[in-house]
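K.L.:
Mind looking over this structure? Questions follow.
The values are calculated or read from the model by the stated rules, or taken from the named source; none is laboratory data. Only a predicted model underlies this, so the values are computations on that prediction, with no experimental measurement involved. Here the Cβ positions follow ideal geometry from the backbone for every residue, glycine too, while neighbour counts run over all protein chains shown.
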Amino acid sequence: MNVIEAAMYIGASVGDTDEDIKKRWREAASRWHPDRGGDHEAMQTINAARDYLLSMSRAARMQQKKWFVRQVGEIFAKVCDAMDMWEARVTARASVTNNATPAQPSVTYKRRAAAWETRNADKVREQTRARVKAHRDRDPDAYKAYMREYMRKRRERATP
């Protein structure tokens, strides 16, 4: 279990204070407690998530979240040009969380994601530009090699 999964289980944010985490845990526990018709395994998961989040400081949680987001971003960048956008996101998240088979999204969710990307094309473009700039600044030689390979693949796809 990582920080993002633990926060998701109890409905908290990674940056929440310990009091907020306890409050969210109480809300989730009241819903999933076996005495109230909930599931015993779900309650164990919620308790484990609470213990995991409270075992580390807020700064440590945020640092682990940053690491997780960076890992997903790197994997997403590698997979993105070979797959469509949704499959790349799901594959990146699954490889970091060690899920063997990621859940396939519904058609409705794919449409919503596509609509969001259409509405926020400028934001997506700006985020991509910033990610490319950071990559280029970090290692210019690796960036040049990556762009050569990317353009070669793009030319191969363009030729029938």
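K.L.:
Could you check the stretch 135-159 and list, in sequence order, the residues that are closer than 18 Å to Ile75 by Cβ and surrounded by 11 or more Cβ atoms within 10 Å (Cβ to Cβ)?
P.N.:
Start the filter on the stretch 135-159 by keeping residues that are closer than 18 Å to Ile75 by Cβ, which leaves 135, 138-139, 142-143, 146, 149-150, 153.
Those that are closer than 18 Å to Ile75 by Cβ and surrounded by 11 or more Cβ atoms within 10 Å (Cβ to Cβ): His135, Asp139, Ala142, Tyr143, Tyr146, Glu149, Tyr150, Lys153.
K.L.:
Within the stretch 18-41, can you find the residues that are of a type in the set (Gly, Ala, Ser) and modelled with pLDDT under 85?
P.N.:
Gly37, Gly38
K.L.:
Moving on to the next point. Inside the stretch 32-58, can you point out the residues that are in contact with a helix residue (DSSP H, G or I) (Cβ under 9 Å, 6 or more places away or on another chain) and over 20 Å from Asn2 (Cα atoms)?
P.N.:
Listed by number, the residues that qualify are Trp32, His33, Pro34, Arg36, Gly38, Asp39, His40.
K.L.:
On to the next question. Only one of (1) among the hydrophobic types (A, V, I, L, M, F, W, C); (2) at pLDDT 65 or above; (3) part of a helix (DSSP H, G or I) fails for Ala88. Which number is that?
P.N.:
Here Ala88 clears every test but (2).
K.L.:
Here is a follow-up. Could you identify the single residue in Ala48, Ala29, Ala7 that is buried (at least 16 other Cβ atoms within 10 Å of the Cβ), over 18 Å from the mean Cα position of the chain (by Cα) and part of a helix (DSSP H, G or I)?
P.N.:
Being buried (at least 16 other Cβ atoms within 10 Å of the Cβ), over 18 Å from the mean Cα position of the chain (by Cα) and part of a helix (DSSP H, G or I) holds for just one of Ala48, Ala29, Ala7, which is Ala29.
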